[in-house]
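Undergrad: I have a structure I would like to understand better, so I am pasting it below and will then ask my questions one at a time.
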Amino acid sequence: MRLTENGVRPRFSPRCILFDLDGTLVDTAPDLGYAANQVRAEVGLPPLPEEQYRPVASAGARGLLKVGLDLTPDHPEFPARRESFLKHYRANLARGSRLFAGVDEVLRGYERAGIAWGVVTNKPQWLTDPLMAALALDQRAACVIGQVDGQPVKPSPEPLLRACRALNFAPADCVYVGDDLRDVQAARAAGMPVVAAAWGYLGDAEPIEQWRADAVYQTPAELSRLCP
């Protein structure tokens, strides 16, 4: 856990805890990598190991296709390959995805304490909803905010503010937990305390200690500290 600038451990007393999905609440890298490998197979390429996909798993089709096929969004083949990737992923989105170890115990602790929890993710809503249902989380979460066409996504604060409006909480009454720099940026812009999840995918951004989160937790078990 990171200390504040004056060397004091930050104290939280949230009424609601909001989570990023991929790489924070759920380890989706196995299924995202599987979908990318299905696209590789379509062009006659062998599968890549999951560990090659893991660092970019939070970046969606853009990140997975860059690793899997070295395609960027400006490549003429990208739209078709992206469509194929999404088709394979939707058909297999709960094949190997699981809550990170220790997360379910933490969520049950929140529920016993009467603390609401929800999800705010850049994952499209049409993929987020079936994944949450497959993991039996949809009825437990107080809100599930995914990406909807025409709506801003993180690092914009708007998805977090949408969650606050839906739950009737002020941003200062919540804590956001995420494994990407844009999660911290979105929370800061929303006026919401934020915890960086060091167990997540992290990507290739600057070191997590430089994200200026209120705290850095190394394991999901540390999330129990958010329960007063």
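Undergrad: Can you list the strands (runs of 3 or more DSSP E) lying wholly within region 144-228 that have 3 or more residues being surrounded by fewer than 19 Cβ atoms within 10 Å (Cβ to Cβ)?
TA: none
Undergrad: Can you report the number of residues in region 76-86 which are free of Cβ contacts under 8 Å to residues at least 24 places away in the same chain and open to solvent by less than 70 Å² (accessible area, probe 1.4 Å)?
TA: 2
Undergrad: Right, next: Filter region 87-102 down to the residues that are of a type in the set (A, V, I, L, M, F, W, C) and touching a residue at least 40 places away in the same chain (Cβ under 8 Å), then identify the one that is surrounded by the most Cβ atoms within 10 Å (Cβ to Cβ).
TA: 93
Undergrad: When you go through 205, 141, 136, 187 one by one, which is the residue that is over 16 Å from the mean Cα position of the chain (by Cα) and hydrophobic (A, V, I, L, M, F, W, C)?
TA: One residue alone meets the criteria, 136.
Undergrad: Just one of (1) within 13 Å of residue 34 (Cβ to Cβ); (2) crowded, with 19+ Cβ neighbours inside 10 Å; (3) touching a residue at least 60 places away in the same chain (Cβ under 8 Å) trips up residue 56, so point out which.
TA: (1)
Undergrad: On to the next question. Only one of (1) open to solvent by less than 40 Å² (accessible area, probe 1.4 Å); (2) part of a loop (DSSP other than H, G, I, E, B) is not met by residue 72, so which one is it?
TA: With (1) open to solvent by less than 40 Å² (accessible area, probe 1.4 Å); (2) part of a loop (DSSP other than H, G, I, E, B) applied to residue 72, the lone miss is (1).
Undergrad: Which one is most open to solvent (accessible area, probe 1.4 Å) among residues in region 116-138 that are closer than 18 Å to residue 105 by Cβ and in a loop (DSSP other than H, G, I, E, B)?
TA: Top of the filtered list is 136.
The values are calculated or read from the model by the stated rules, or taken from the named source; none is laboratory data. Computed from a predicted model, the values in this text were never measured in an experiment. In this analysis, Cβ positions are derived from the backbone assuming ideal geometry, glycine residues included, and neighbour counts consider all displayed protein chains. Heavy atoms of the whole protein, side chains included, go into the accessibility calculation; ligands, DNA and RNA do not. Shrake-Rupley method; radii C 1.70, N 1.55, O 1.52, S 1.80 Å.
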